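Right, one structure below, let's go through it.
Bear in mind these aren't lab numbers, they're just calculated from the coordinates by the rules spelled out. What you see is a predicted model, and the numbers here were worked out from it, not measured in a lab. Here the Cβ positions follow ideal geometry from the backbone for every residue, glycine too, while neighbour counts run over all protein chains shown.
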Amino acid sequence: MSNKKSLKPDLSFWQIWNLSFGFLGVQFGFALQNGNVSRILQALGADVHDLGYFWLAAPIAGIIIQPIIGGASDSTWTKWGRRIPFIIGGAIAATAAMFLMPNSEFFVALMPPMLFGATMLLIMDASFNVTFQPFRALVGDMVNDKQRDLGYSVQSFLINTGAVIGSALPFILTMVGVANEPAEGQKVADSVVWSFYIGGATLMITVLWTALRTKEYPPEEYAEYNNIDLEAKKADTENKDSFFKTLLSSPKVMFQLAAVQLCSWVAFYFMWVYSTPAIAQHIWHTEPGDSTSAAFNEAGNWVGLMFAMYSLAAALFSVAMPSLIKATNRKTVYAGALILGGLGLLSIEMIQDKYLLFASMAGVGIAWAAILAMPFSILSENLPAEKMGIYMGIFNVTIAGPQIFAGLFGGTIASTFFNGNAVGLLTMAGIVLIIGALCVSLVSDQKKS
């Protein structure tokens, strides 16, 4: 083939929108998981100090699954495309787990309810990972360098729009009359159960929208746009040492970003896992073992609204990010966003009015928008196109690894340094996020020539 590289065409705004529209539904489900799984597991009998261990399912699944799916999608081509078959498969499994998890208590004939719930969490997380990775690679595949920041900013906007709805849904259902306390003999409130049903359905509908509205570049056209020698790629694929060579030849920027990712994902893991018990104890003054009272469930709904606020702030900041990057640069926007997020988390311990917590979450949302967009925009610009999927999968270690660390040691940190007070972990998360902002200075965001 010719060594001349054809320019990848500009996409219309709506083509870019359709690329990531399925992420709205995936994040809808992920937000429901983040805001309610700790609540469900506590209702099924889990101790608050053990919650982090249950949540290890997500990062462990990510480390194992994402590189495999990334590598497979790089070398797969079907009549439905390269990435889309994996996206659809993951969505089907995630939807099934979302329908089953809040009903764990009814499967007692199969296994204890808490074990069934933990199993559904593992399946849900594994399925989300199967869907996440190809979506991220899909944007890298389809957009050109000029539209890269726009592509990942639109993805961040849709992610956070889905998260706003998913986070607020239990509160909204409660407001329209759906029970927010478990009925007699029931462990999980109907507001949570119906939220998971709606979330699962939304996930499938939006993923199908992307699948039906997006036409991936076929191998020959993709190779032409990215100056790929298909024969050389085929030989590389057949090389048994290819994965290890790929790993050892990872771009330097991947390791530079790892330090920022470590801080970012430890901080958010602490927030996701411990916000419900922290806010219940700090604002509603519940006891550590309380998981079924009206006060605890009110706190759970309020945490959902807090998460909706940070997602709303993230969606709005995603719109502004491309302009801010043009006016300054990626690193300035990235570091500034992480600092605002850190300050937001630090402020929670000083707040007694539940409404003021929304201001804290606005800062957290700005950081989240940057975390979802900046690393992938910087990284994808420096990756070889023929290995986009597998490198994105390997990069997931910088997301999953920090969460495994936080899951293993979060409960110990809370009991050792904060006397079991979960809000102390949110304060620690704020400090860690600001350290992450300082680490941005280590990152080179210049495209490799």
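Here are some notes:
- Across the chain, Cα pairs under 8 Å and at least six residues apart give a relative contact order of 29 percent.
- Taking θ as phi - 60° and the Karplus parameters 6.51, -1.76 and 1.60, the scalar couplings of region 384-401 work out to x, 4, 6, 10, 4, x, 5, 5, 4, x, 5, 4, 4, 4, 6, 9, 6, x Hz in sequence order, x denoting glycine and proline.
- Separation between Cα centres of region 330-382 and region 140-182, rounded to whole Å: 16
- The trypsin sites (Lys or Arg not before Pro) of region 23-132 that meet both conditions, a loop assignment by DSSP and at most 13 other Cβ atoms within 10 Å of the site Cβ, are Lys79.
- What separates the Cα centres of region 88-107 and region 262-281 is a distance of 24 Å.
- Using 0.36 nm per residue and subtracting the Cα-Cα separation, the extra length available between Asp353 and Met175 on full extension is 62.0 nm.
- Cross-link partners of Lys326 among aspartates and glutamates (Cα-Cα below 15 Å; sequence separation of 8 or more within a chain): Asp145, Asp149, Asp445
- Region 317-382: proportion of alpha-carbon pairs further apart than 13 angstrom, %: 63
- Per the Cα gyration tensor, region 13-442 maps to an equivalent ellipsoid with semi-axes of 35, 24, 20 Å, ordered largest to smallest.
- Rg(Cα)/(2.2 N^0.38 Å) for region 143-224, N = residue count: 1.63
- About the centre of its Cα atoms, region 9-129 shows a dipole size close to 340 debye [charges on the beta carbon of Lys, Arg (+1) and Asp, Glu (-1) only; nearest 20 debye].
- Lys, Arg +1 and Asp, Glu -1 on Cβ, resulting dipole of the chain about Cα centre, debye, nearest 20: 1280
- Selection from Gly200, Ala315, Leu305 lying farthest towards where the dipole of the chain points positive, charges on Cβ: Ala315
- Expected 222 nm ellipticity per residue - DSSP helices of 4 or more, -39500 (n - 2.57), all of the chain, to 500: -25000 deg cm²/dmol
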